[in-house]
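Report on one structure; see the data block that follows.
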Amino acid sequence: MQKSILITGCSSGIGYDSARTLRDKGWRVFASCRRAEDCARLREEGFDSPRIDYEDPESIESGLAEVLEATGGRLDALFNNGAYAIPGPLEDVSAAALRTIFEANLIGWHDLTTRALPVMRAQGHGRILMNSSVLGVVGMKWRGAYVATKFALEGLSDVLRMEMADANISVVLIEPGPIETAFRQNAIRQFEKWIDWERSARADQYRDSLHDKLYKGSSGGPQWPASAVTARVVQALEARRPRPRYYVTTPTHAMGLLRRLLPTRWLDAILSKG
């Protein structure tokens with residue numbers, strides 16, 4: 001029987017690359033997107049593409065129902081992937097902004113996951129993949145809202161993995177570092193929506209450096225293609241006993257090592273330079 005997987009956030013980047021690769025490997029891929037026009041484009045490419053927006057509970061319910069209707073009530077795997085950042089110092093991130101990003105990056109993921117779990121329990125197996133980040137391993141300045149959602153996702157996934165072990169449902173964290181995606185462009189839109197930087201106590205700092213970090217990029221280091229993440233996704237899906245975590249990119253491996261070895265103040269000093 002053809003295996004099925006639902007992947008969120010497939011309009012571009014990691015989700016899109018994973019969807020194409022897994023389809024080529026024989027999976028029936030349900031490549032969901034937040035926007036209806038992106039779903040229409042993917043359908044033209046031959047994908048099943050339900051609309052799922054993590055900030056819209058009705059779309060989560062209807063999108064999963066569309067998948068289950070097509071598969072006869074089965075789902076072998078779920079890859080929670082779509083997320084965004086609201087860049088800026090935490091003192092400039094409003095409570096409304098933080099509620100919104102938690103809805104998009106965590107609560108919506110949990111909603112979709114808990115709807116899929118009864119299906120996997122009934123069929124006796126399943127895989128839940130959660131796309132975290134190097135920023136779920138360590139925190140970095142000016143990224144606090146996104147870091148908070150990823151640290152929460154790490155804890156949620158760890159507990160869910162232990163709780164679902166007796167149901168033959170594996171929960172796996174994928175942890176990319178710098179990947180070539182539209183992530184920064186999406187972050188700019190969120191920044192312009194939520195951050196009133198001109199009234200910030202750091203207004204001069206925005207003008208001197210923070211704007212450049214956001215609009216021009218803060219790192220001259222290498223970026224890995226989305227296929228690097230897909231390779232780990234494939235491993236997590238095909239392994240008889242998948243690992244709890246799959247690091248992707250050299251920075252994630254380096255930060256994981258430093259987090260284990262260094263005192264907190266030393267690690268703070270290193271990360272504050274980033």
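When the range 69-122 is filtered for residues that are within 17 Å of L153 (Cβ to Cβ) and outside any helix (DSSP H, G or I), the ones remaining, listed by number, are L78, F79, N80, N81, G82, A83, Y84, A85, I86. For R232, are the conditions met, namely being modelled with pLDDT of 95 or more, within 22 Å of the chain's Cα centre (by Cα) and either surrounded by 17 or more Cβ atoms within 10 Å (Cβ to Cβ) or in a helix (DSSP H, G or I) (or both)? Spelling it out, R232 is indeed modelled with pLDDT of 95 or more, within 22 Å of the chain's Cα centre (by Cα) and either surrounded by 17 or more Cβ atoms within 10 Å (Cβ to Cβ) or in a helix (DSSP H, G or I) (or both).
Here is a yes/no grid of residues against (1) surrounded by 21 or more Cβ atoms within 10 Å (Cβ to Cβ); (2) touching a strand residue (DSSP E or B) at 6+ places or on another chain (Cβ under 7 Å); (3) within 26 Å of D212 (Cα to Cα); (4) free of Cβ contacts under 8 Å to residues at least 12 places away in the same chain:
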position	(1), (2), (3), (4)
V93	no, no, yes, no
L112	yes, yes, no, no
M120	yes, yes, no, no
V138	yes, no, yes, no
A152	no, no, no, no
V159	no, no, no, yes
M162	no, no, no, yes
V171	yes, yes, no, no
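Taking the range 65-80 as the range and being touching a Phe, Trp or Tyr at 6+ places or on another chain (Cβ under 9 Å) and under 26 Å from R240 (Cα atoms) as the test, the residues that pass are V67, T71, L75, D76, A77, N80.
Quick grid of which residues meet (1) charged (D, E, K, R); (2) at positive phi:
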position	(1), (2)
F183	no, no
A187	no, no
Q190	no, no
S200	no, no
G217	no, yes
R232	yes, no
A239	no, no
P244	no, no
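Only one of the numbered conditions (1) outside any strand (DSSP E or B); (2) surrounded by 24 or more Cβ atoms within 10 Å (Cβ to Cβ) is not met by V29, and that is (1). For residues in the range 193-202 being assigned to a helix (DSSP H, G or I) and out of contact with any helix residue (DSSP H, G or I) (no Cβ under 6 Å at 6 or more places or on another chain), which is nearest to G13 (Cα to Cα)? Only one residue fits best here, namely K193.
Within the range 1-26, the residues that satisfy the criterion of being assigned to a loop (DSSP other than H, G, I, E, B), surrounded by fewer than 19 Cβ atoms within 10 Å (Cβ to Cβ) and of a type outside the set (G, A, S) are M1, Q2, K3, K25. When the test is whether a residue is under 26 Å from L98 (Cβ atoms), within 14 Å of the chain's Cα centre (by Cα) and of a type in the set (G, A, S), G217 does not pass it.
The values are calculated or read from the model by the stated rules, or taken from the named source; none is laboratory data. For clarity, every value in this text was computed on a predicted model and none was experimentally measured. Don't worry about glycine lacking a Cβ; one is built from the backbone with ideal geometry, like all the others, and counts go over all protein chains shown.
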